[in-house]
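Here is the structure we will look at.
Throughout, read-outs are computed from the coordinates displayed, never taken from laboratory work. It should be emphasised that the depicted structure is a prediction, and the values quoted were computed from it without experimental measurement. Counting neighbours? That spans all protein chains shown, and the Cβs are built from the backbone with ideal geometry, glycine included.
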Amino acid sequence: MIALAIVVFAFAFIFLLSNIFITTTQITVKSDSLPKEFEGYKILHLSDLHLKNFGHNYKRLLDKIKPLEFDIVVFTGDLISRHEHDISEKIFFMKELIKKAPVYFIYGNHEVENPLTTDKMCKELVKIGVNILDNKTYQVEKGGEKVDICGITIEKKFYKNKDKTYKDLPTPNAEYINERLGKKKNFTLFLSHTPFYFDEYAKWGADLTLCGHVHGGAIRLPFINGLLSPERKFFPKYSAGLYKKGDCQMYVSRGLGKPRIFNNSQITIITLDKW
């Protein structure tokens, strides 16, 4: 019994520690199709905050972000959870971010499953100047060259069946994306909450896709990486980090919230670089 208690205590201690620390990840994404004017362009990538507490008004998280330098902020969904209703601190957090740089936000599966709170929250976000990319494209121009920031809302049916199971889910294919965003025109920063449809994002022509959703696999193990996806599947193909498919690249954030072990909450600075 004493040995069991020690094991339980050890795991509880590890769990607690893994929820305290915030890791700042710095990566460079190289692309020969990036407009030259955007070389060195920095993106702060956040995702999956959910109900995680980083102190009053997210003070610990904001303190971690404030010294960083970046040109834009992208938040790839699940700012709230499906049963969450109090959005006051979330609005404060986003308002602080927009003081530093333009903010672009897309819906995650929790926003899709919580439409009343999402609608209320997004009205407030628009008031403070956040760009909501609900199947929309915003264009960023620098030195006469352009980059398109495209955000797609993946419908609930692609995350979960009506009976709340995850078997044989349909796929939002390239045609589905084309119907919502139109054809790709310029170098495209493509925002989607889930990484599991990377093949289709690449077929559509996304140059750099940013995602979240998988929470790093909840538990990260040496040589195995992410253990479990939100769809209750072991060893998800995409759990965290940079992936490539031909000329298309995708970065998956480990996110900020949800229970996690050996898997710190993550904020990422992505620097764009032309070959």
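Assuming charge only on the beta carbon of Lys and Arg (+1) and of Asp and Glu (-1), the dipole of the range 84-174 about its Cα centre is about 20 debye to the nearest 20. Per residue of the chain, the DSSP helices (runs of n ≥ 4 H) give a summed -39500 (n - 2.57) that works out to -7000 deg cm²/dmol at 222 nm.
Potential lengthening of the chain between Y138 and D119 amounts to 4.8 nm, from the contour at 0.36 nm per residue minus the alpha-carbon distance. The stretch between K245 and K36 holds 73.0 nm of extra length on full extension. This uses 0.36 nm per residue minus the Cα-Cα distance. In plain terms, the chain from F223 to E155 could stretch by 21.2 nm, reckoned as 0.36 nm per residue minus the Cα-Cα distance.
When peptides 74-83, 96-105 are ranked by their average number of other Cβ atoms within 10 Å per residue, the highest-first order is 74-83, 96-105.
The residues packed around L116, meaning those with a beta-carbon under 14 Å from its beta-carbon, carry a net charge of -3 if Lys and Arg are +1 and Asp and Glu are -1. Couplings 3J(HN,Hα) of the range 221-233, computed from phi: 10, x, 6, 10, 6, x, 8, 9, 9, x, 7, 6, 10 Hz, in residue order, whole Hz [Karplus 6.51 cos²θ - 1.76 cosθ + 1.60, θ = phi - 60°; x for Gly and Pro]. Taking θ as phi - 60° and the Karplus parameters 6.51, -1.76 and 1.60, the scalar couplings of the range 237-242 work out to 4, 10, 10, 5, x, 9 Hz in sequence order, x denoting glycine and proline. If you run the Gaussian network model on the chain, springs between alpha carbon atoms under 10 Å, then out of D199, D86, D163 the most flexible one is D163. Shape class of the range 204-261 from the alpha-carbon gyration tensor: prolate, with a/c at 1.5 or above and a/b greater than b/c. Counting every pair of alpha carbons in the range 132-275, the share spaced more than 27 Å apart comes to 24 percent.
Taking only the Cα atoms of the chain, the ratio Rg/Rh comes out at 0.96, with Rh defined as the Kirkwood radius. Taking Cβ atoms as reference points and 14 Å as the exclusive limit, the residues near G143 contribute a net charge of -1, counting Lys and Arg as +1 and Asp and Glu as -1. Convex hull volume per residue, computed on the Cα atoms of the range 20-152, equals 117 Å³.
Antiparallel versus total DSSP beta bridges in the chain: what percent is that, nearest 5? Beta bridges within the chain, antiparallel portion: roughly 35 percent. Here the spin labels are modelled as points 7 Å beyond Cα on the Cα-Cβ line, and at T28 and N53 they lie 4.1 nm apart. Computed from phi, the 3J(HN,Hα) profile of the range 258-275 under the Karplus parametrisation 6.51, -1.76, 1.60 (θ = phi - 60°) reads 6, x, 7, 10, 6, 7, 4, 4, 10, 10, 10, 9, 9, 9, 7, 9, 8, 4 Hz, with x in place of Gly and Pro. Residue-normalised convex hull volume from the C-alpha trace of the range 57-110: 74 Å³ per residue. Remark on Q266: its backbone amide H falls under 5 Å from those of T23, G255, L256, a criterion applied only to residues 5 or more positions apart or on other chains, H modelled at 1.01 Å from N. Sorting the segments 203-210, 239-246 by their residues' average number of neighbouring beta-carbon atoms within 10 angstrom, most packed first, yields 203-210, 239-246.
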